[in-house]
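The values are calculated or read from the model by the stated rules, or taken from the named source; none is laboratory data. Note that the structure is predicted; figures quoted are calculated from it, not measured. No Cβ is skipped: glycine too gets one built from the backbone with ideal geometry, and neighbour counts run over all protein chains shown.
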Amino acid sequence: LDAAVNVINRDGVRALTFESVATEAKLTRGGLLYHFPSREALLRGIDEHLVQAWDASMEVLLGKRADEATALERYQTFVRVSAQSATRAALMFMLESGDPDAAERPCGP
């Protein structure tokens, strides 16, 4: 998943193919397909990976679990994480994966 994020950072979501991720991760295409049998599964995995990283950043800045914080503390921390930790990949993924046809397109040439 880090390899997929690197591809998105460098080339954008539309350049994300099984081949580009496999090459970046130094895996075979088949090895990648074993873990992510479809483009939709890969996109879901990336989304979950980015959300977990975002949540971890929130909790580090909060100094506690998000459910232990007040709504104001969560909001203030969300703004800080957004300003400090948002990566190009996370922003591009959020914007470009909103395409309703993205999951239907084949991954690769």
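If Tyr34 satisfies all but one of (1) out of contact with any Leu (no Cβ under 8 Å at 6 or more places or on another chain); (2) under 13 Å from Ala89 (Cβ atoms), what's the number of the condition it fails?
Evaluating Tyr34 over (1) out of contact with any Leu (no Cβ under 8 Å at 6 or more places or on another chain); (2) under 13 Å from Ala89 (Cβ atoms) leaves (2) as the failure.
Could we say that Arg39 is of a type in the set (Lys, Arg), over 16 Å from Ala90 (Cα atoms), out of contact with any His (no Cβ under 9 Å at 6 or more places or on another chain) and in contact (Cβ under 8 Å) with a residue 60 or more places away in the chain here?
For Arg39, the condition - of a type in the set (Lys, Arg), over 16 Å from Ala90 (Cα atoms), out of contact with any His (no Cβ under 9 Å at 6 or more places or on another chain) and in contact (Cβ under 8 Å) with a residue 60 or more places away in the chain - is met.
State all residues of segment 1-24 that are part of a helix (DSSP H, G or I), of a type in the set (Gly, Ala, Ser) and within 16 Å of Ala89 (Cα to Cα); if no residue qualifies, say none. Spell out how you get there, then give the answer.
Pass one, segment 1-24, residues part of a helix (DSSP H, G or I): 2-11, 13-15, 18-24.
Those left that are additionally of a type in the set (Gly, Ala, Ser): 3-4, 15, 20, 22.
The answer is Ala3, Ala4, Ala15, Ser20.
Look through segment 54-101, keep the residues that are within 23 Å of Glu19 (Cβ to Cβ) and crowded, with 16+ Cβ neighbours inside 10 Å, and return whichever of them is modelled with the lowest pLDDT.
Applying the filter and picking the extreme gives Ser97.
Using the structure shown, decide if Val51 is among the aliphatic types (A, V, I, L, M), without any contact (Cβ under 8 Å) to a residue 60 or more places away in the chain, under 25 Å from Arg10 (Cβ atoms) and surrounded by 16 or more Cβ atoms within 10 Å (Cβ to Cβ). So that I can check it myself, show each step before the final result.
Numbers: among the aliphatic types (A, V, I, L, M): yes; without any contact (Cβ under 8 Å) to a residue 60 or more places away in the chain: yes; under 25 Å from Arg10 (Cβ atoms): yes; surrounded by 16 or more Cβ atoms within 10 Å (Cβ to Cβ): no.
No: the conditions fail for Val51.
Out of curiosity, is Ala41 closer than 20 Å to Arg74 by Cβ and in a helix (DSSP H, G or I)? Show your work before the answer.
Numbers: closer than 20 Å to Arg74 by Cβ: no; in a helix (DSSP H, G or I): yes.
So Ala41 does not fit the description; no.
Give the residue that is nearest to Val5 (Cα to Cα), with candidates limited to residues of segment 54-83 that are in contact (Cβ under 8 Å) with a residue 12 or more places away in the chain and not basic (Lys, Arg).
Trp54
Could you tell me which numbered condition Leu16 fails, if it satisfies all but one of (1) crowded, with 18+ Cβ neighbours inside 10 Å; (2) without any contact (Cβ under 8 Å) to a residue 40 or more places away in the chain?
Of everything listed in (1) crowded, with 18+ Cβ neighbours inside 10 Å; (2) without any contact (Cβ under 8 Å) to a residue 40 or more places away in the chain, Leu16 misses just condition (2).
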